[in-house]
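Input: a single structure, listed below in structure tokens.
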Amino acid sequence: MTVAPDNAQQGASHLYRAMRDFVQSADDTLPGKFEITKEGIVHDMMSPSGRHELTALRLRKRLEKVMPEELVAHTGEPDVEDVSRGVMRRPDVMVIAEEDMDIEGSFDPRMLIAAIEVVSRSNPDNDWVGKARDYPLLGIPIHVIFDPRTGTGAVFTDIHATPDGPRYATRKDFVYGEDVTIGDWTIPTDGLPRYQDDSTEQGEG
């Protein structure tokens, strides 16, 4: 049976609302972090570890040292959401104008200057694959990944059209210890924590 475009769009919208309602209820009752992608709900079951959160904290402080006062490197809620795309994500660090945070509900992803991710030990593909696909779709101009598993990272920029949808055209890799440029600002990456390979680190996320 062929579904008319209008009906298909309504069905997709209804499905997204159902997933969004579930995520909002689950966030308060279940451990981990829930996000919505074009492929469905992503659940990172591990709560963020100390090294994950310390990385985000140090990146925030280093960025806010070099950025203009009106910009912030925000960690935490709310999500960024594009209902028309059926995507709701929560970057670890969001570079955004402070005045653009004065809203009700989720952030419009087009307000973000950059989205920065600290790779989860329990679900690294969510950062390296899923978010690298979703962020250009949402129109976020800069996507940066820091990977405490390997001490490496990458800066993605220059959104362009492809047969599979918008993608970043430029990727610049770096290793911890090098300076990294995010937009107009350069910060050091020395002193960022790494995940360890022993049993005490199984909760890293």
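The values are calculated or read from the model by the stated rules, or taken from the named source; none is laboratory data. None of the values given here were measured: they were computed from a predicted structure. Methodologically, a virtual Cβ is constructed for each residue, glycine included, from the backbone with ideal geometry; neighbour enumeration extends over all protein chains shown.
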Quiz item: With respect to the numbered conditions (1) modelled with pLDDT of 95 or more; (2) surrounded by 13 or more Cβ atoms within 10 Å (Cβ to Cβ); (3) more than 24 Å from GLU69 (Cα to Cα), which one is the sole condition not fulfilled by ASN123?
Solution: (1)
Quiz item: Can you name every residue in the range 103-115 that is at pLDDT 90 or above and surrounded by fewer than 17 Cβ atoms within 10 Å (Cβ to Cβ)?
Solution: ASP108, ARG110, MET111
Quiz item: Does at least one position in the range 107-123 carry a residue that is under 15 Å from THR37 (Cβ atoms), in a helix (DSSP H, G or I) and within 11 Å of the chain's Cα centre (by Cα)?
Solution: yes
Self-check item: Pick from the range 70-91, criterion modelled with pLDDT of 95 or more and not β-branched (Val, Ile, Thr), ranking: nearest to PRO188 (Cα to Cα)
Solution: ALA73
Exercise. Consider MET94 carefully, then state whether it is modelled with pLDDT of 90 or more and part of a strand (DSSP E or B).
Key: yes
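Take the range 124-141 and flag every residue that is in a loop (DSSP other than H, G, I, E, B) and more than 25 Å from THR189 (Cβ to Cβ). Give the steps one after another, and end with the answer.
Taking the range 124-141 and keeping what is in a loop (DSSP other than H, G, I, E, B), we get 139-141.
Within the range 124-141, just GLY139 meets the criteria.
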Self-check item: Scope the range 46-79; condition of a type in the set (A, V, I, L, M, F, W, C), out of contact with any Phe, Trp or Tyr (no Cβ under 8 Å at 6 or more places or on another chain), buried (at least 17 other Cβ atoms within 10 Å of the Cβ) and assigned to a helix (DSSP H, G or I); matching residues
Solution: ALA56
Exercise. Taking the residues in the range 152-189 that are closer than 22 Å to GLY130 by Cα and charged (D, E, K, R) as candidates, determine which candidate is surrounded by the fewest Cβ atoms within 10 Å (Cβ to Cβ).
Key: ASP164
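Every residue in the range 97-121 that is of a type in the set (Ser, Thr, Tyr) and under 12 Å from ASP79 (Cα atoms), please. Before you say what the answer is, go through the steps one by one.
At the first step, the residues of the range 97-121 found to be of a type in the set (Ser, Thr, Tyr) are 106, 120.
The answer is SER106, and nothing else.
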Quiz item: Which condition number does ASP158 fail, the rest of (1) of a type in the set (D, E, K, R); (2) under 21 Å from SER49 (Cβ atoms); (3) not in a loop (DSSP other than H, G, I, E, B) being met?
Solution: (2)
